[in-house]
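The values are calculated or read from the model by the stated rules, or taken from the named source; none is laboratory data. Remember, predicted model here, so these are calculated numbers, not experimental data. Every residue, glycine as well, gets a Cβ built from its backbone with ideal geometry; the counts of neighbours run over all protein chains shown. Please note that ligands, DNA and RNA were not included when accessible areas were found on the heavy atoms of the full protein model with its side chains. Shrake-Rupley method; radii C 1.70, N 1.55, O 1.52, S 1.80 Å.
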Amino acid sequence: MEKTGVQKLAGVLKVLVTITIGCNLLALFLVPGLAMLKGFGPLLELTPYETALELPARVWMVFVMSWVWVWRSGAYDVVLTLFLLFCGCCTAVILWQGRQVLDTILAGTPFAPRNAASLRRAGLCCFLISCAALLRLVWGLFYYQSPAPLLTYNALFVPVFLMAGLLCQVMAALFRQAGELKAENDLTI
């Protein structure tokens, strides 16, 4: 059977989502090092006896050791690391659920009940990211004793992921209802 334009597009999207999941998992490994990047300057400087070829090994070692160092550093680095790890895990779940929806589209059964469940789980993860951003925003307000955290990406994450979660929940309800209508229609002769 000839693939429709939607199925061809779903195939391309599935490849892109799979690549994004891989990059997300790699980024999760690098989170503590990225959270502490500002303090790594002296560790990455070359001495007169070293060559530039030794720098990648040192960078790799710093990122591996950052998993130990981040918990001994200040509160800011710990909170940032926990927030980024939590949001990264939720993002991986959202991407995986999107991949599941694309699988059903490729199979030619877009109104399967499992699409509604996948979209519901993706919406829940969006709500969790929104809550984590709100908690980090409130923490920042108390930590800095200033309204400056209201001008950060955390303040933007709260409404954006709240709306994304609501959209996923609405889409889940639509897919569930469409699946029920399709099942009824299949039983009608």
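Answer yes or no as to whether A57 is within 28 Å of Q177 (Cβ to Cβ), part of a helix (DSSP H, G or I) and either modelled with pLDDT of 95 or more or open to solvent by 60 Å² or more (accessible area, probe 1.4 Å) (or both). No, not satisfied.
Could you tell me whether the stretch 176-185 includes any residue that is surrounded by 12 or more Cβ atoms within 10 Å (Cβ to Cβ) and closer than 30 Å to L82 by Cα? No, because not a single residue in the stretch 176-185 is surrounded by 12 or more Cβ atoms within 10 Å (Cβ to Cβ) and closer than 30 Å to L82 by Cα. Within the stretch 70-85, being surrounded by fewer than 17 Cβ atoms within 10 Å (Cβ to Cβ) and either of a type in the set (F, W, Y) or not in a helix (DSSP H, G or I) (or both) holds for W71, S73, G74, Y76. Among the residues of the stretch 94-113, some residue qualifies, meaning at least one is closer than 15 Å to A27 by Cβ and without any contact (Cβ under 8 Å) to a residue 40 or more places away in the chain.
Kindly evaluate L95 against the criterion of being modelled with pLDDT of 95 or more, of a type outside the set (D, E), open to solvent by less than 50 Å² (accessible area, probe 1.4 Å) and assigned to a helix (DSSP H, G or I).
Against the criterion (modelled with pLDDT of 95 or more, of a type outside the set (D, E), open to solvent by less than 50 Å² (accessible area, probe 1.4 Å) and assigned to a helix (DSSP H, G or I)), L95 qualifies.
Of the residues L102, L124, L128, the single one that is crowded, with 19+ Cβ neighbours inside 10 Å and under 30 Å from A10 (Cβ atoms) is L102.
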